[in-house]
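J.: Quick one: the structure is below, questions incoming.
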Amino acid sequence: MWAYKLLYHLKTTVQNIREHRATVLMSLAAVGFTLLLLASYLLLLTNLQAIGERLGKELQIMLYLETGLSGKERARVQDAVTAREEVEGVEYCSPQEALRSLGEAMGEAAHVLKGLEENPLPPSLEVRLKKPYRNLEAIEEVARVLSELKGVADVEYGGGWMKRFFAFVRVLRWLALSLGLLLLFASVIVISSTLTLGFYSRKEEIEILRLVGATEWYIRFPFFLESLLQGIGGAVLALGLLWILFQGFRVNMGTSWSLFAGWIQPHFLSTPMTITLIFLGAMVGVISSLLTFSRFSEER
Amino acid sequence: MPHEISNMAVSTEVNSKIIQLFNVTKTYSGGVAALEDVSVQVERGEFLFISGSSGAGKTTLLKIILGVERVTQGQLVVNGRNVTRIPRRELTQLRKETGFVFQDFKLLENRSALENVALALQIRGLPPGEVRQRAYHALRAVGLADKRDQNPLCLSGGEQQRVAIARALVNNPLILLADEPTGNLDAGLSREIMDQFLEIHERGTTLLVATHNESLPAYCGKSRIVLDQGRLAKDG
């Protein structure tokens, strides 16, 4: 019995959409556009986050040791660092090695180093952290603890700019949330308005259906299906458009992006995020229909 | 046959009375009283006319029986159900057992005659084949089998009303309510519709027909009650 009812509902839904083709298309476009804005924002955010994560992985702690430490004292510091749970590996860099590396990095300007009477660079330890600790909070904590070790003169981990970058990403994330809620609300209003038009245009049919004994849910279900389709359709449309825009970006701006983001290639939204967006579209449809139903229930 | 009652205990047991109104009052917002202290009992299988001028409360009476309007005061029992405080689930069941016919036919112009009749069957989740077959038989019973694919706008007033009757009867209702069913029809067509109702009545259906046309009860030879400004003015 329910299968036949579903069949009638599907027929009614198709009929509704056909009869109000223009309104439904307008609504679909509006929902698609608002979800496109949201999806674009998410795409930018996930790519920036990927850059942040990649750079976070590159972060390492440099421990500058006091000059004049004996080999034994240096070994003691190195052992204390290696013993820490967060540390994956430690590499000693002597002042001579440091100077050579600096010379290589300076290239043609390295000749200025030749005039130095003594090597000003201190001995250092390059500390690499294990994967779970390669984030700013963990690095900061480990750096703070290591700076207190006897024999350590200074600690550096390039945290200042990373902090600013992550703060920027955090702001973007909050903006995405607020903007997302606002855009989803706008989509709900758009779909709800289309449904309201549908309710008004089928007012007589609804009245007849009620009089012949149709349940409220029998009457509502085609509208529910219609709004669900609009929500999902809008999300799919937004994702499709975004994919086309993304491909265009990759072709035209890919090199510039790679230069900006290191060797990170721009990537499209992940499958879970794509599914989440479609689910959000569906939820927008469901909420719109429930909001509309509450205004059109039979009053007795 | 006595239709007016007083001080009778409300019983929802299924008995010979299919519709029972006990001191029913219906007041619309703004304090307009459409029905005042009306008590009526209708026997199973009875054919009863409700007469009265416009605004007498005939439509309101039918609407509260169908559960479209709520009773403000008093009690209403239809086929053993106390409609006064009926839950929604039972209300839809009540409506499936009650057919209705209105003066303005209430047919959907974008559907064929057959599809209009089928609407009442589809809500029950019957297979499409059975829906078509039963809708066709209902149309044949009112003499419109050959017009099943026609749009209501292509049918005459009398034919449109017969399509509405077919839709009302397709679920074999226990009660058929008709509100001014001949209001838009000429005398000849009105008699045709009444003949149709007499046939339906012979099959055991209870009929309540609201009309301001004084000649119809006499034509059918059936009893009537008269409403005047919401009050029961004449019984039997």
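J.: Can you return the aspartates and glutamates within cross-link range of residue B:26? Criterion is Cα-Cα under 13 Å, with same-chain partners fewer than 8 residues away left out.
T.: Correct list for residue B:26: B:36, B:37, B:69.
J.: Where a Cα-Cα gap under 24 Å defines reach, which lysines qualify for residue A:163, not counting those fewer than 8 residues away within the same chain?
T.: Cα-Cα hits under 24 Å: A:57, A:130, A:131.
J.: Using Cα pairs under 8 angstrom and six or more residues apart, how large is the relative contact order of chain A, in percent?
T.: Working: 321 pairs, mean separation 89.3, N = 300.
This gives 30 percent for chain A.
J.: Listed highest first by mean packing, meaning other Cβ atoms within 10 Å per residue, what order do A:39-50, B:89-100 come in?
T.: B:89-100, A:39-50
J.: Give the order of A:12, B:27 when sorted by the count of other beta carbons within 10 angstrom, beginning with the fewest.
T.: So the ranking, lowest neighbour count to highest, is B:27, A:12.
J.: Largest first and to the nearest Å, give the Cα extent of segment A:8-75 along each principal axis.
T.: Result, largest extent first: 88, 23, 9 Å.
J.: What's the center-to-center distance, using Cα atoms, between segment A:115-133 and segment A:1-58 in Å?
T.: 52 Å
J.: Using only Cα atoms and rounding to the nearest 10 degrees, what angle (0 to 90) does helix A:95-106 make with the longest principal axis of chain A?
T.: 50 degrees
J.: Still on this structure: Segment B:70-229: D in µm²/s via Stokes-Einstein (Kirkwood Rh, Cα pairs, 20 °C, 1.002 mPa s)?
T.: Rounded to a whole number, D works out at 129 µm²/s.
J.: If you fit an axis through the alpha-carbon atoms of helix A:136-147 and take the longest principal axis of the Cα set of chain A, what angle between them do you get, 0 to 90°, nearest 10?
T.: 20 degrees
J.: Also, I was wondering about something else. Can you give the mean number of other chain Cβ atoms that lie within 10 Å of the Cβ atoms in peptide B:208-217?
T.: For this peptide, the per-residue mean of nearby foreign Cβ atoms is 0.
J.: Using the 10 angstrom Cβ neighbour count as an exposure proxy, how do B:21, A:102 rank, fewest first?
T.: Fewest-to-most Cβ neighbours within 10 Å comes out as A:102, B:21.
J.: What does the charge count around residue A:110 come to, taking other residues whose C-beta lies under 14 Å from its C-beta (Lys +1, Arg +1, Asp -1, Glu -1)? Write down the numbers at each step before the final one.
T.: Numbers: positive: A:100, A:114; negative: A:104, A:108.
Around residue A:110, the surrounding residues sum to 0.
J.: Let me ask something else about it. Residue by residue through B:120-131, how many Cβ atoms from other chains fall within 10 Å of the Cβ on average?
T.: 5
J.: Sorted by packing (mean other beta-carbon atoms within 10 Å per residue), highest first, where do A:278-289, A:179-190 land?
T.: For the peptides A:278-289, A:179-190, the packing ranking is A:278-289, A:179-190.
J.: If we count other beta carbons within 10 Å of each Cβ, what is the order of A:79, B:179, fewest first?
T.: A:79, B:179
J.: Turning to a different aspect of this structure: Defining a contact as two alpha carbons under 8 Å apart and six or more residues distant in sequence, what relative contact order in percent does segment A:60-157 show?
T.: Relative contact order here is 50 percent.
J.: Quick check: from the Cα gyration tensor, does segment A:92-147 come out rounded (a/c under 1.5), prolate or oblate?
T.: prolate
J.: Once the Cα atoms of the protein assembly as shown are picked out, what are the Rg and Dmax in Å?
T.: Rg and Dmax of the protein assembly as shown, Cα atoms, are 40.0, 131 Å.
J.: Report the one residue of A:119, A:136, A:89 whose Cα lies farthest in the direction of the positive end of the charge dipole of segment A:60-157 (charges on C-beta: Lys and Arg +1, Asp and Glu -1; origin at the Cα centre).
T.: Sorting the options by dipole projection puts first A:89.
J.: With a 10 Å radius around each residue's Cβ, average the other Cβ atoms per peptide and rank A:232-245, A:146-159, highest first.
T.: A:232-245, A:146-159
J.: Filter A:11/B:58; B:96/B:147; A:5/B:58 down to the pairs with a C-alpha to C-alpha distance above 31 Å, please.
T.: On the way: A:11/B:58 37 Å; B:96/B:147 25 Å; A:5/B:58 35 Å.
Table pairs above 31 Å Cα-Cα are A:11/B:58; A:5/B:58.
J.: Averaged across the residues of A:198-211, what count of C-beta atoms belonging to other chains lies within 10 Å of each residue's C-beta?
T.: Partner Cβ neighbours, averaged per residue: 4.
J.: Along each principal axis of its Cα atoms, how long is segment A:60-157 end to end? Whole angstroms, biggest number first, please.
T.: 42, 29, 17
J.: Give the aspartates and glutamates reachable from residue B:17 as a straight Cα distance under 15 Å; neighbours fewer than 8 places away on the same chain don't count.
T.: Here the aspartates and glutamates satisfying the reach criterion relative to residue B:17 are B:4, B:43, B:46.
Readers should treat all values here as calculations from the given coordinates under stated rules, not as data from a laboratory. As the structure is a prediction and not an experimental result, all values here were calculated from the model. Positions of Cβ are generated from backbone atoms using ideal geometry, with glycine treated the same way; all protein chains shown enter the neighbour counts.
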